[in-house]
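**Student:** Just dropping this structure here.
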Amino acid sequence: MGETENHHHHPPPPQAAAPPAAPPSLALSRGPTWTPAEQLHQLQYCIHSNPSWPQALLLAFQHYIVNLGTTVLIASNIVPLMGGTHGDKARVIQALLFMSSINTLLQTLIGSRLPTVMGASIAYTLPLFSIINDYNDEDFASPHDRFVHSMRTIQGSMIVSSFLNIILGYGRAWGELTRFFSPIVVVPVVCLVGLGLFARGFPLLGNCVEIGLPMLILLMICQQYLKRIHSRAHLILERFALLLCIGIVWAFAAILTVSGAYNNVKPATKQSCRTDRSFLMSSAPWIKIPYPFQWGTPIFRASHVFGMLGAALVSSAEQSTGTFFAAARLSGATAPPAHVLSRSIGLQGIGMLLEGLFGSLVGTTASVENVGLLGLTHIGSRRVVQISTAFMIFFSIFGKFGAFFASIPLPIFAAIYCILLGIVAASGITFIQFANSNSMRNIYVLGVSLFLGLSIPQYFVTSRTFDGHGPVRTNAVWFNDILNTIFSSHATVAIIVGTLLDNTLEANHVEDRGIPWWKPFQHSKGDVRTEEFYSYPLRINEYLPSRFL
């Protein structure tokens, strides 16, 4: 069969080339993509749920122990430089614990309403050095008189400086400033609230490695690994491993002390390792109730008042703001709105006024390590923190009992801080999920804020002389103290750098900065859960002006 010449073969019409097949998504082969979560779901008790009373009491005692470490550290470093005796140090610790309890109760009831312990703030160190240096050049009848004179000056400076935070808070100024924040700003601020306290971690632990390192390792093993042995062990070790490990290592330190292991070592090693070098048990009174003006009439000196203003701003605005965001995250609450941050800062100002009246050595701020304890135990209950104030009040009045726990060697606390401060820093990283982490613009803001937030304060700290003078040295001592204090704070630098960059650099889309997620939390009615987490108890809001709600 052949083709005839009249038979024509027509080729098929041309067809469009098929598009190349899309490459398979590698994300699908690597498992699911986790969606952003505003609240952590692994918590066993959130902000308004409560464990049983026996468990709540033990958990509250843990908060007291954790807060005690920073209190003893500050008093032990500062009081001897002021000329105070061991008895003076015991009274200072009692006053610090008493004011911590009052301010914690106020904040959890009518302040931030978050489960945050208000503890002694290390931000006041630089203004205290200025006061100490001024009185070192004056003649006093005894070192104790110099100590009392210094405490009266601290009282006067804190009383006047407290009005800065009262105005910033109840004037709503701080809340308006936080409206310029975004998740891109919150990440470095919260991270550096934890990372900025690295000096309280392994450097302090290293003063007595044979006690601090076993505490760190034992806590990690008990709390994270041994809890897998049995379901009952899981419950006990996850929540109370910290108390168990403190008891074991403290007993080990006491055995080393009694056996004479530290008889022929350096004085600094004895101070860090021995359990009988705090001298608090012998010097603390059996019963002593802190009362207003216990050191005498406050002394008001303008130079010291201005120097204290920088510390008040750093401790209340920066430290507490970053810690409040971490506390909300680790207690199962949503981000605190602007009006809640404002009223909490205002209440801290009132707390600082009370601290000046009662003669506290330093002001209080939201305790970073206690917020880390919320994440360690997976319990963010507000009631637990409120119960801890009862322990603070009891041990601040009955001095001998409080001195017993205050004699725990500081390297044991340092080992605890290595974990708790790391948890807080990591909680800050989680805020990046609400913004575009693939944006080069956001990477730039985060990187610069984090690096300068670490680097600038490190320069100010390393340039500080032994007597407390920082790199800013003009003829105006008060001006030096303000700038040296502000720029020695890691989170303060992160707030300044991050807010400026995030609000001035152009973003491709507003969603890149996480603004759609952030904006509802800036208004009291922006999120339906705000009332649930942050409303006043017992219908107090019905008796307050609306501007304070």
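The values are calculated or read from the model by the stated rules, or taken from the named source; none is laboratory data. The structure presented is a predicted model; accordingly, all values stated were derived computationally and were not measured. Every residue, glycine as well, gets a Cβ built from its backbone with ideal geometry; the counts of neighbours run over all protein chains shown. Side chains included, ligands, DNA and RNA excluded: accessible areas come from the protein's heavy atoms. Shrake-Rupley method; radii C 1.70, N 1.55, O 1.52, S 1.80 Å.
**Student:** Hey, what did the chain get for relative contact order, percent, Cα under 8 Å, at least 6 apart?
**Tutor:** Rounded, it is 30 percent for the chain.
**Student:** Using the Cβ atoms and a cut-off under 15 Å, what net charge is assigned to the surroundings of Gly372, where Lys and Arg are +1 and Asp and Glu are -1?
**Tutor:** +1
**Student:** Another question about this same structure. Pull out the extension gain between Ile429 and Glu210, defined as 0.36 nm times the separation in residues minus the alpha carbon to alpha carbon distance; nm, one decimal.
**Tutor:** 75.6 nm
**Student:** How big is Rg to Rh over region 94-152, alpha-carbon atoms, Rh as the Kirkwood inverse-mean-distance radius?
**Tutor:** Result for region 94-152 is an Rg/Rh of 1.17.
**Student:** Rounded to whole Å and sorted largest first, list the principal axis extents of the Cα atoms in region 53-435.
**Tutor:** That works out to 63, 58, 34 Å along the principal axes.
**Student:** Which distance in nm do the two modelled labels at Leu58 and Glu138 give, with both placed 7 Å along the Cα-to-Cβ direction?
**Tutor:** 5.1 nm
**Student:** If you don't mind, another one. What whole-number value in Å² describes the accessible area per residue of the chain for a 1.4 Å probe?
**Tutor:** For the chain, the solvent-accessible area averages 44 Å² per residue.
**Student:** So, one more: Considering amide H positions built from the backbone, and no H for Pro or chain starts, which residues 5 or more places from Tyr536, or on another chain, come under 5 Å of its amide H?
**Tutor:** When sequence neighbours closer than 5 places are left aside, the close amide H contacts are Asn541.
**Student:** Then there is this: If you count, for each residue, the other Cβ atoms within 10 Å and average over each peptide, how do 301-311, 379-389 line up from highest to lowest?
**Tutor:** Ranked by mean Cβ neighbours within 10 Å, highest first: 379-389, 301-311.
**Student:** Under 5 Å between amide H atoms, partner at least 5 residues away or on a different chain: which partners does Met118 have, H built in plane at 1.01 Å?
**Tutor:** It is Thr104, Ser367, by chain and number.
**Student:** Rounded to the nearest 0.05, what FRET efficiency do Thr35 and Met220 give with R0 = 35 Å and r taken as the Cβ-Cβ distance? Could you check?
**Tutor:** E(calc), rounded to 0.05, equals 0.70.
**Student:** Once the other residues with Cβ under 11 Å from the Cβ of Ser439 are scored (Lys, Arg +1; Asp, Glu -1), what is the net sum?
**Tutor:** Charge balance near Ser439 sits at 0.
**Student:** Would you please give the FRET efficiency between Arg179 and His509, computed as 1/(1 + (r/R0)^6) with r the Cβ-Cβ distance and R0 = 22 Å, to the nearest 0.05?
**Tutor:** 0.65
**Student:** In addition: Around Phe413, what is the net charge, scoring Lys/Arg as +1 and Asp/Glu as -1 over all other residues with Cβ under 9 Å from its Cβ?
**Tutor:** Charge balance in the 9 Å sphere: 0.
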